[in-house]
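Chemist: Just passing along the structure, written as structure tokens.
The values are calculated or read from the model by the stated rules, or taken from the named source; none is laboratory data. Here the structure is a predicted model, which means the values were calculated and not measured. Glycine gets a Cβ as well: all are built from the backbone with ideal geometry, and neighbour counts include every protein chain shown. All accessible areas refer to the heavy atoms of the entire protein, side chains included, with ligands and DNA or RNA removed. Shrake-Rupley method; radii C 1.70, N 1.55, O 1.52, S 1.80 Å.
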Amino acid sequence: MFLRMLKSALLRQKRKVLMIALTMALGVSLSTAMLNVVMDVEDKINQELKTYGANLNVIPRGASMLGDLYGIDKGAGVADKFIAENELGKMKTIFWANNIVDFTPYLDLTVRLEGASEPVVLVGTWFDKKLDLPTGDVINTGMRHMKSWWEVSGNWSSDSDAEGAMVGGVLAERLKISRGDRIRVFSPDNQRSEWLTVRSTFYSGGSEDEQIFVPLKLVQKMSGHDRLVQRVEVSALTTPDNELSRRAAEDPNSLSRKEWDTWYCTAYISAIAYQIEEVLTNVKAKPVLQVSESEGTILSKIKLLMLLLTVLSLACSALGISNLVSMSVMERNTEIGLMKAIGATNGAVSILILSEILAMSFIGGIIGYGVGLGLAQVIGHSVFGVSIALKAVVIPIVVLIVIAVAVVGSLPALRVLLSLEPNRVLHGR
């Protein structure tokens, strides 16, 4: 009997069914899209931000101590501090190895450029290095990936091009250096010299615009520091900092065992830095605080904005459903009064009305979920240039959302329903 009454009520109110279903579909579609994006957005935003540089600097521990104590990163006592190049692959063996997107080493040498009156910094680096890892995997990493925002005029140099050089735009303008030029550089003691071919010029917006970048092996050869580097820039996907991570960054030993396990097994910038120090010999991994803090702030604000949009859309759906249901109850007051007059209790009538609303809402919820999945992909491709991974956990959340919105939207109408008196309604009062 109950199901027959429910079916009859739905068929008699096709227009109301359509309106409530559409109202619910609008709210659920936006909620579905936002929830899928929010749950997948952290990696997407981090990947996007990683195109704008490193958030970790790895330097020799001795050089780090001088820098921390005296503000010296280069100079006396620092020049003889190096990191073994053959150890760098170990960074991809830490617990958060997959979060290390790119890394590239640097070795600086102040050289004399033939025809120039002032010294020039020659920087050896990896441009696009094919690196064999201790795990047996092979990755491609290097400056080309780390500095993708550089404005490069010409072609990026390659690690196999022994003479290829990239010259900073400011230096190139001052010394009248153009693409295709052959330039000669001399070591500080004038005992070694190398001819370079300018493959490109670039603008970075930083100190690099005054430097020349060449393959790492060339600077190692000229400086006599074979298989050594001075510093490594690391780009890693991280979790925004909180009170625990800030305490750990100051002193990991101050944490309790449970706190330490939580911190170590979360992709905080300080945890990744700590694990890098564990696998590399005598190094200090220092977060670039401006970058890492900005990433966390941006990520938190974007996620908060999406959640606020979700809540707002659901509130609008609840208000819309409330108005539609209230109108429906007022239009059916005679029918409801008659049901009460022949013995139906307030509870039975409320369950019937609520069941009608839930049925209409679930129809809209199914439509909204499908539309929301498509909307999530539109957001993913238009904002991040990739697909959004669909999260199965969103389905039960959407079901709960549909029930909650339907019930909350029905409360004002149910209140009116409970106040109806059969004798007054049936007599038209």
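Chemist: Would you be able to say whether some residue in the range 364-375 is open to solvent by 80 Å² or more (accessible area, probe 1.4 Å), within 34 Å of the chain's Cα centre (by Cα) and at pLDDT below 85?
Modeler: no
Chemist: Okay, moving on. If we scan the range 226-233, do we find a residue that is in a loop (DSSP other than H, G, I, E, B) and of a type in the set (Asp, Glu)?
Modeler: The answer is yes; a qualifying residue exists.
Chemist: Follow-up. Here are the criteria: (1) modelled with pLDDT of 80 or more; (2) crowded, with 17+ Cβ neighbours inside 10 Å; (3) polar (S, T, N, Q). Tell me which single one residue 382 does not satisfy.
Modeler: Only one criterion in (1) modelled with pLDDT of 80 or more; (2) crowded, with 17+ Cβ neighbours inside 10 Å; (3) polar (S, T, N, Q) is unmet by residue 382, namely (2).
Chemist: Any residue at all in the range 131-146 that's in contact with a Gly (Cβ under 9 Å, 6 or more places away or on another chain), more than 28 Å from residue 100 (Cβ to Cβ) and touching a residue at least 12 places away in the same chain (Cβ under 8 Å)?
Modeler: For the range 131-146, residues in contact with a Gly (Cβ under 9 Å, 6 or more places away or on another chain), more than 28 Å from residue 100 (Cβ to Cβ) and touching a residue at least 12 places away in the same chain (Cβ under 8 Å): absent.
Chemist: For the subset of the range 172-206 comprising residues that are open to solvent by less than 50 Å² (accessible area, probe 1.4 Å) and part of a loop (DSSP other than H, G, I, E, B), which member is farthest from residue 161 (Cα to Cα)?
Modeler: 206
Chemist: Residue 338 versus (1) modelled with pLDDT of 75 or more; (2) open to solvent by 60 Å² or more (accessible area, probe 1.4 Å); (3) out of contact with any Gly (no Cβ under 9 Å at 6 or more places or on another chain): which is the lone unmet condition?
Modeler: The one condition residue 338 does not meet is (1).
Chemist: Restricting to the range 135-170, what's the tally of residues that are within 26 Å of the chain's Cα centre (by Cα), assigned to a loop (DSSP other than H, G, I, E, B) and surrounded by fewer than 16 Cβ atoms within 10 Å (Cβ to Cβ)?
Modeler: Qualifying residue count for the region: 3.
Chemist: Taking the range 90-124, which residues are charged (D, E, K, R) and surrounded by fewer than 20 Cβ atoms within 10 Å (Cβ to Cβ)?
Modeler: Keep residues of the range 90-124 that are charged (D, E, K, R), which gives 90, 92, 102, 108, 112, 114, 118.
Correct list: 90, 92, 108, 112, 114, 118.
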